[in-house]
Amino acid sequence: MTTPTALPAPTAGRVLPVLGTLLAALLCALTFGATPASAHAALTSTDPANGSVVRTAPQRITLHFSEGVLLNADSIRVLDPAGERVEQGGPEHVDGKSDSAAVALRAGLADGTYTVAWQAVSADSHPVAGAFTFSIGAPSKTTVKATATVTEVDPAVEVLYDTGRYAAYAGFVLLVGGCVFAGVCRSSRPVQRIAVGGWITLFASTAVLLLLRGAYTSGKGLGDVLDLALLGDVLATKPGAALLSRLLLLSAAAVFLAVLFGSYAREDDDRTRGERRDVAYGLGIGGTVVAVGLAATWAMAEHASVGIQAWLAMPVDVVHLVAVAVWLGGLAALLATLRSGEPLRRAAVVRFSRLAFASVCALVATGLYQSWRQVGSWDALTGTSYGRWLLIKAGLVIVLVGVAYFSRRWTARLTDGPEPKKTKSARPAAQKVASAQKVTAAAKGGGSDSAERATQLARQRAALEKAAGKRERDADENRSGLRRSVGAEAAVAVVLLAVTTVLTGTQPGRAEAEQQRAASDAAAPAATGPAEVRIPYDTGGTNGRGTARITLDPGRSGRNTLDVAVTDAAGRPVDVPELEVSFTEKAKEIGPLRATLERRSGGRWQSTGFQLPMAGEWQLSLTVRTSDIDQVTEIKNVKIN
């Protein structure tokens, strides 16, 4: 509940079925329909480059990522043309930077094409993998497929893991929101069920995630979830430590729940007002610490912990998560209280309305910062999966705030009114007990027929009392209207929570855009075609002017065919006594590499199998001699992909 906007609210009797249907549908969409989060730390560059040809064997292979990655002993495997591993030792970060990885190679590697297969865990807890090739000396046939060693997540493990992630977020929302509602607005049995149900859901889902984590990141199946060695590897990582910390914090949360809904909730104890105030302060401080700690277990292991400004993004993410829990969890507690028919004073609803408004303000402020940080540009907002999901989430928040407008209007109309008169259906407990005893005694003396009759009467009485309670609950039009609008808010909140869960499993827009650029750069050589250069020359002698057209096909690093066509000033093919072409890479001090030219026809020379070891800006040197004394050398740059 925040600021008002109108949507027709569903009737009270349909709210819970709608919530259940939406929850089931969204879980199916989340686990079966959402795009798997298989790439979060994008591979931005490698050394040697993908598809490059190097003259001598490199000492090591280096990979650079858009985010930090977690490595294991098999994170980088280098396979020779026969499929044999040639790396030496395990992979490690370069200069301690988590967004890089390198592995040393054995000495004396033969010429040919080598395959590098890599797999790691993104620092935001998602597995990433890929492969690329490079050649030493010249390309060759290889028995290794570049995609053959990419680890895939087992479908059953992925479904359970994604479901556990959704359940963990839902449990956190219900736990924190229910406790805040009980402490600030009103504590009741329905609110207690919301908070305790959230604790149980969060604890169970966290335990399941911890067991599934190893199989999820290593591509193993459900049969390996109880592998202690795998569990030990998980606990040694940041996401594993975060899950274990969450379980420990939930132990403290259990004590907090016992006090909040136990002795503190009883108003008939012997404590003075000052003593109750001291307990309330203690619960407030302790609850805040536990809630912030639980939120931090997500912030320290997901998107907020990597990328730019992580030092600021993590506390902002904590505030964002707590605000979501206070708002949406409080909505669930308010709806449960309204549906139960228990007395709820206007002042309690007003307090929650103010609390929800403050939460939405915090959500807007932190959400804007997170959107800028994770998306980075307008193009990424509409051109990446993360950006599109973010737009859906923003639209749902707007709808939720719109529905909340009507909740505030119904809240403004609430009145506490007089206490409801007691009716026969609300007899004192002592009278009910006495009546039940009489019925039981009559049943014992009247045989099985009397016992069956007594059971039927008891069921009828319970149904009548329940109906009377619903009539009494629905007698206040304003409270019924508030219940319907809050139910509509809760329905939208279920959808919003599912979209938020999908977002946390989707590659951020910045990383996806960077990966798209890297993929585009890698694919560019195949689309560029032959490189062609026209070089005018003038040797200064008779008939010394002309043009040389030099074509390098395919114009990429590696093996090329070099064609040179020489024409005179009139554009006619012309033979010259001497023609030389060479290439030099000044930045890396490679060359000059001279091409061996063979005359094919009048004014045309060719060199087949000419090797350029790497991409870059090469300096092309053309030497033309038209007589014994007339000669000139022209230089022009050419880009090789």
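Observations on the structure shown:
One line per residue, one yes/no per condition, for (1) modelled with pLDDT under 95; (2) under 28 Å from residue 129 (Cα atoms); (3) in contact with a strand residue (DSSP E or B) (Cβ under 7 Å, 6 or more places away or on another chain):
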site: 157; (1), (2), (3): yes, yes, no
site: 181; (1), (2), (3): yes, no, no
site: 199; (1), (2), (3): no, no, no
site: 215; (1), (2), (3): yes, yes, no
site: 226; (1), (2), (3): yes, yes, no
site: 237; (1), (2), (3): yes, yes, yes
site: 254; (1), (2), (3): yes, no, no
site: 263; (1), (2), (3): yes, no, no
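- Among the residues of this structure, residue 219 counts as one that is over 26 Å from residue 356 (Cα atoms) and out of contact with any strand residue (DSSP E or B) (no Cβ under 6 Å at 6 or more places or on another chain).
- Restricting attention to segment 547-560, the residues being assigned to a loop (DSSP other than H, G, I, E, B) and either open to solvent by less than 70 Å² (accessible area, probe 1.4 Å) or free of Cβ contacts under 8 Å to residues at least 24 places away in the same chain (or both) number 3.
- Residues of segment 54-70 satisfying the condition of being without any contact (Cβ under 8 Å) to a residue 60 or more places away in the chain and either out of contact with any Asp or Glu (no Cβ under 9 Å at 6 or more places or on another chain) or over 25 Å from residue 113 (Cα atoms) (or both): 59, 69
- Total residues in segment 71-113, condition touching a Phe, Trp or Tyr at 6+ places or on another chain (Cβ under 8 Å), of a type in the set (Gly, Ala, Ser) and in contact (Cβ under 8 Å) with a residue 60 or more places away in the chain: 0
- Of all residues in segment 56-99, those satisfying the criterion of being among the charged types (D, E, K, R) and in contact with a strand residue (DSSP E or B) (Cβ under 8 Å, 6 or more places away or on another chain) are 60, 67, 74, 77, 80, 85, 87, 92, 99.
Per-residue answers, yes or no, for (1) of a type outside the set (S, T, N, Q); (2) part of a helix (DSSP H, G or I); (3) farther than 30 Å from residue 363 by Cα; (4) modelled with pLDDT of 70 or more:
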residue	(1), (2), (3), (4)
407	no, yes, no, yes
435	no, yes, yes, no
453	yes, yes, yes, yes
458	yes, yes, yes, yes
469	yes, yes, yes, no
484	yes, yes, no, yes
498	yes, yes, no, yes
517	yes, yes, yes, no
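- Elements of type helices (runs of 4 or more DSSP H) in segment 156-268, at least 3 residues being surrounded by 19 or more Cβ atoms within 10 Å (Cβ to Cβ): 189-218, 238-260
- Residue under evaluation residue 575, criteria (1) open to solvent by 40 Å² or more (accessible area, probe 1.4 Å); (2) at pLDDT below 85, criterion not met: (2)
- Among the conditions (1) on the phi > 0 side of the Ramachandran plot; (2) within 58 Å of the chain's Cα centre (by Cα), residue 597 misses just one, which is (1).
- Which numbered condition residue 121 fails, given (1) in contact with a helix residue (DSSP H, G or I) (Cβ under 9 Å, 6 or more places away or on another chain); (2) surrounded by fewer than 23 Cβ atoms within 10 Å (Cβ to Cβ): (2)
The values are calculated or read from the model by the stated rules, or taken from the named source; none is laboratory data. Worth saying up front: this structure is predicted, and the values here are computed from it rather than measured. Backbone-built Cβ (ideal geometry, glycine too); neighbour counts: all protein chains shown. Side chains are part of the model used for accessible areas, which takes the heavy atoms of the whole protein and leaves out ligands, DNA and RNA. Shrake-Rupley method; radii C 1.70, N 1.55, O 1.52, S 1.80 Å.
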